[in-house]
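Reviewing the structure listed below.
The values are calculated or read from the model by the stated rules, or taken from the named source; none is laboratory data. Here the structure is a predicted model, which is why all the values come from computation and not from measurement. Glycine gets a Cβ as well: all are built from the backbone with ideal geometry, and neighbour counts include every protein chain shown. We work out accessible area using only protein heavy atoms, side chains counted, and drop any ligands, DNA or RNA first. Shrake-Rupley method; radii C 1.70, N 1.55, O 1.52, S 1.80 Å.
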Amino acid sequence: MKKYSAEFIGTFWLVLGGCGSAVLAAAFPGVGIGLHGVSLAFGLTVLTMAFAIGHISGCHLNPAVSIGLWAGGRFPAKELIPYIVAQVFGGIVAGGVLYVIASGKAGFDVSAGFASNGYGAHSPGGYSLLAALVTEVVMTMLFLIVIMGATDKRAPQGFAPIAIGLCLTLIHLISIPVTNTSVNPARSTGVAVFVGDWALGQLWLFWVAPIVGAVIGSVVYRFIASDE
């Protein structure tokens, strides 16, 4: 239960910190942090939690990462479901806290997006379903390669959180205009349930694409890192 609790807390922090920065601070008049700030915020949530709970649960914070690590031989199948449940629950609770905070301002309208992920008319840059699918698969694939490489026993020890956090920052810098960046089904679900409507209708993509990308990434890393 300690591991599952750690995953709940970590994913809560990722969604509250990352999506919170997008909803509350990205466009704040005069000092809005914009795309760059939101990207950094997501990276910082992972970096800080990796140092805080990495030694407890591994700090997955992401169903796609857990599945990818399982596919890469780094995580037992028996713990997949409990980890995913804890992550999704943490994301939804964080979405609820963010909703309470954001709705405290006059004029708040959850239908405006609430940091949800989307494609087509709901893509920040108007990108198609195919563009969104390719983006999420490729970004998650590379994320898993970095995660597995940085946590490899042969890699320099103690620096994995930095590499992983900066990788997630870079992923957001690239893909926020396309999908608002998911690469994490728990992050997507955590805010989509409060938007409903189109956000839930498009949520399938932000489960399927990250999981596919994570599995591909784990297979690629096992191939390039093999001693054979």
Just checking my list [x] 15.3; [y] 13.0; [z] 12.1 against mean projected area of the Cα convex hull in nm² computed from this structure; which label fits? [z]
³J(HN,Hα) across region 34-44 via Karplus (A = 6.51, B = -1.76, C = 1.60, θ = phi - 60°), whole Hz, x for Gly/Pro? x, 4, 5, x, 5, 4, 5, 4, 4, x, 5
Can you list the HN-Hα couplings for region 144-149, worked out from phi with the Karplus curve (6.51, -1.76, 1.60; θ = phi - 60°), rounded to whole Hz and with x for Gly and Pro? 5, 4, 5, 4, 5, x
Any idea which of Phe51, Val220, Leu200 is furthest toward the positive side of the dipole for the chain, if Lys and Arg beta-carbons carry +1 and Asp and Glu beta-carbons -1? Phe51
Using the Karplus equation 6.51 cos²θ - 1.76 cosθ + 1.60 (θ = phi - 60°), what ³J(HN,Hα) coupling, rounded to whole Hz, does each residue of region 69-86 give in order, writing x for Gly and Pro? 5, 5, 5, x, x, 9, 8, x, 4, 5, 9, 4, 4, x, 5, 5, 4, 4
Electrostatic dipole magnitude of the chain [Cβ: Lys, Arg +1; Asp, Glu -1; Cα centre; debye, to 20]: 360 debye
Tell me, rounded to the nearest percent, the portion of alpha carbon pairs in region 153-216 spaced more than 19 Å apart. 43 percent
Largest-first ranking of Met49, Met1, Met148 by accessible area, probe 1.4 Å, whole protein assembly kept, is Met1, Met49, Met148
Sort out for me the Cα centre separation of region 10-72 from region 166-185, rounded to whole Å. 10 Å
Solvent-accessible area per residue for the chain (1.4 angstrom probe, square angstrom): 45 Å²
Using alpha-carbon coordinates, inclination of helix 205-225 to the longest axis of the chain, degrees: 30 degrees
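Counting only protein heavy atoms and using a 1.4 Å probe, what share of the accessible area of the chain belongs to carbon plus sulfur, as a whole percent? Spell out each step's value before the answer.
Numbers: 7340 of 10220 Å².
Reported share for carbon and sulfur atoms: 72 percent.
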